[in-house]
């Protein structure tokens, strides 16, 4: 085993160790993770929330035991593979051992630690962006057509994971046309590869067509409820923060892509970064959508710096450039991860607020960062729902209906009673089992003042009561209430069918 291989393995092991250490036992899984894990039980070529790849990974996690260890393993794995591809890219760019260590350090001690903390499509999205850029570099370097086909596979897999990778392609095209590499467009095998890519994503496109393109409705809803609160200046500010410890390496990459002769054939990457940021800003995208851009530029910057820091006084800067990402990681460690208790954050909110971490999707400041608040209260909800469910005599005729996918997914993940909770929210609208004639209802209702649930639902049942609520005041679901309605006076299934039809019609609009 070579020295380089030993060092690379050391970085990868450290990556996995950090991902498991950076989450306090005070926190549960995050809201989105429960939905993604539940998709393992409803495999399809598409979902209202995400494309299908996440469900495939969730199925593997389910086969491995569905434990938190495996839930956290896969985003950590995708982060480790991103580091590996950056390492291999630096080798293609003729970077030496110092360049490899610098690049790996910059990737390891960055916002990717936070992205790779959660089981969401984002970790694989960053990996696919990095992998696709690596394929382009390999093709430019070798001129071998096989990279067209590898690129088609990487892009298709990225598309089936998260549609965000379309922004890469949209921004790459004008950069390609403005560069000397536009000769690629006359290569016949490129178009054969494009057909291959289209065939690979076709099942998902057909699913979108057959389901009236829910992605269009999802993006419209996202634009109206979340992206409307995105500030373009804030978007640019956050781009700097994502890789603040390696900003000098990224800036070195941009300089090298313009003026460093050995990188002349890769100049399209400079324009591609500019176009990508412009496109994201035009659509008022969330800042983290662009994170996949940067790992490949760290590779360029590390390879360039390894050459210019070879001689004279500059060689004394080598250890400094390695230390800088580590120094920036220290405040990141203290703020960016759920490794502090909710009580600690409540008592020390100043730095969190200064960095905008207390600002939620509604544009308002709250007590905890939104991701942290979304990791609390779920076990309590599932435990209390189980207790209520156990007391109902005819359990099999009991529907557990939730307000949102987080509630339904958390109950299904933690339940010891085999509960299959559903909701009219997100993908759960397609997962109702109407083969059962329901007589009882456990209603999980998000807290609101003067909640009208008794008035709206109570008259349709013989009895009704409140059986519990989430008491964790730090949870986003604080005061979410568990209602129990038994012995229905009406046909519940007919009401459910009408609600499902109404929700699906809404999604078509």
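Rule-based calculations on the coordinates, nothing more; no lab input. Computed from a prediction, not measured in an experiment: that's the story for all the values here. Cβ placement follows ideal geometry from the backbone for every residue including glycine, while neighbour counts extend to all protein chains displayed.
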If I fit a long axis through the Cα atoms of helix 378-391 and take the longest principal axis of the Cα atoms of the chain, what angle between them do I get, 0 to 90°, rounded to 10?
30
Compute the angle between helix 68-92 and the longest alpha-carbon principal axis of the chain, please, reported from 0 to 90 degrees and rounded to the nearest 10.
20
Per-residue [θ]222 nm for the chain (sum of -39500 (n - 2.57) over DSSP H runs n ≥ 4, rounded to 500)
-18000 deg cm²/dmol
Computed over region 322-460, the relative contact order (Cα-Cα under 8 Å, seq sep at least six) in percent reads 17
Rounded to the nearest 10, the angle in degrees between the Cα long axis of helix 53-63 and the longest principal axis of the Cα atoms of the chain comes to 70
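Classify region 20-163: rounded, prolate or oblate, from the alpha-carbon gyration tensor (a ≥ b ≥ c, eigenvalue square roots; a/c under 1.5 rounded; otherwise prolate if a/b is larger than b/c)?
It comes out oblate by the Cα gyration axes.
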Label-point gap, in nm, between residue 265 and residue 347 - each point 7 angstrom along Cα→Cβ:
6.0
Applying the gyration tensor rule to the Cα atoms of region 3-335 (axes a ≥ b ≥ c; rounded if a/c under 1.5, else prolate if a/b exceeds b/c, else oblate), the class is oblate
